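A.B. asks: Following this message is one structure expressed as structure tokens.
The values are calculated or read from the model by the stated rules, or taken from the named source; none is laboratory data. None of these values were measured; they are calculated from a predicted model. Here the Cβ positions follow ideal geometry from the backbone for every residue, glycine too, while neighbour counts run over all protein chains shown. All accessible areas refer to the heavy atoms of the entire protein, side chains included, with ligands and DNA or RNA removed. Shrake-Rupley method; radii C 1.70, N 1.55, O 1.52, S 1.80 Å.
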Amino acid sequence: MDAKTIFETVKKHDPSVLGHEQFRKFAVLLPIIEKNGELHVVFEVRSHQLRRQPGEICFPGGKIDPEDPSAKQAAIRETEEELGVESGQFTEVHPLDYLISPFGMIVYTFAGYLNVTEDELVRNPDEVREVFTVPLSFFMENGPRIHYVHFEAQPEANFPFDLIPGGEEYNWRTRQLEEYFYIYGDKVIWGMTARIISHFVDILKK
């Protein structure tokens, strides 16, 4: 293979996250509606019947299916399924930054305006225990609490230390994961959901 062929091939490559084929891919929507004359953010409380994160607060969303033409369409589909929103009721849907989870997930996030009232949101009881809203002004005026989870490197028992400089004394990088929390009344919004709303507010404040 000559240099011209190599770089013609590289030029056609569409860059993404290295190793993305092994990541599970999800899409979520941060929904905005109007309520009592002001903008509110819509949240779900996950059904206790669900295996993953039962009872936690989240945005509508889920795994991107092979049939979904895009991450955006996956986020819209999941919102339709979970909140009973019809396609014509999405008047704005735009991408935010995507998240790469340390647990092998890429989460594509979107913000959208739903032309519905809160009473018109029909939760899917198989997935959603409760739907509630929080005024957007609350997040604009109140920053999140931030706490940290620390991760340490633990090589497997047969790791080939003899192949790396420093051997068993190698200075592994450790990292800390920021966990965001918002407390609104009796609701605790935390983790990825809190991180997304904080990112959304940062965009608005810029």
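A.B. asks: Would you confirm, using the coordinates I've provided, whether residue 8 is assigned to a loop (DSSP other than H, G, I, E, B) and either touching a Leu at 6+ places or on another chain (Cβ under 6 Å) or over 27 Å from residue 138 (Cα atoms) (or both)? Break it down into steps so the answer makes sense when it comes.
C.D. replies: Numbers: assigned to a loop (DSSP other than H, G, I, E, B): no; either touching a Leu at 6+ places or on another chain (Cβ under 6 Å) or over 27 Å from residue 138 (Cα atoms) (or both): yes.
No.
A.B. asks: Give the residues of the range 53-80 that are over 13 Å from the mean Cα position of the chain (by Cα) and either surrounded by fewer than 18 Cβ atoms within 10 Å (Cβ to Cβ) or part of a loop (DSSP other than H, G, I, E, B) (or both), sorted by residue number.
C.D. replies: Residues satisfying the conditions are 53, 54, 55, 56, 65, 66, 67, 68, 69, 70, 73, 80.
A.B. asks: Could you check how many residues of the range 131-161 are open to solvent by 70 Å² or more (accessible area, probe 1.4 Å) and either among the small types (Gly, Ala, Ser) or more than 16 Å from residue 181 (Cα to Cα) (or both)?
C.D. replies: Counting residues in the range 131-161 that are open to solvent by 70 Å² or more (accessible area, probe 1.4 Å) and either among the small types (Gly, Ala, Ser) or more than 16 Å from residue 181 (Cα to Cα) (or both) gives 6.
A.B. asks: Residue 83 - would you say it is over 15 Å from the mean Cα position of the chain (by Cα), modelled with pLDDT under 90, under 23 Å from residue 129 (Cα atoms) and hydrophobic (A, V, I, L, M, F, W, C)? Write out each step before concluding.
C.D. replies: Details: over 15 Å from the mean Cα position of the chain (by Cα): yes; modelled with pLDDT under 90: no; under 23 Å from residue 129 (Cα atoms): yes; hydrophobic (A, V, I, L, M, F, W, C): yes.
Taking the combined requirement at face value, the residue does not satisfy it.
A.B. asks: Turning to a different aspect of this structure: Would you pick out the residues in the range 11-52 that are open to solvent by 70 Å² or more (accessible area, probe 1.4 Å) and either assigned to a strand (DSSP E or B) or closer than 15 Å to residue 112 by Cα (or both)?
C.D. replies: 24, 34, 38, 39
A.B. asks: Within the range 86-107, track down each residue that is open to solvent by 60 Å² or more (accessible area, probe 1.4 Å) and modelled with pLDDT of 95 or more.
C.D. replies: Filtering the range 86-107 for residues open to solvent by 60 Å² or more (accessible area, probe 1.4 Å) gives 86-88, 91-92, 94-95, 97-98, 100, 102-103.
Matches in the range 86-107: 94, 95, 97.
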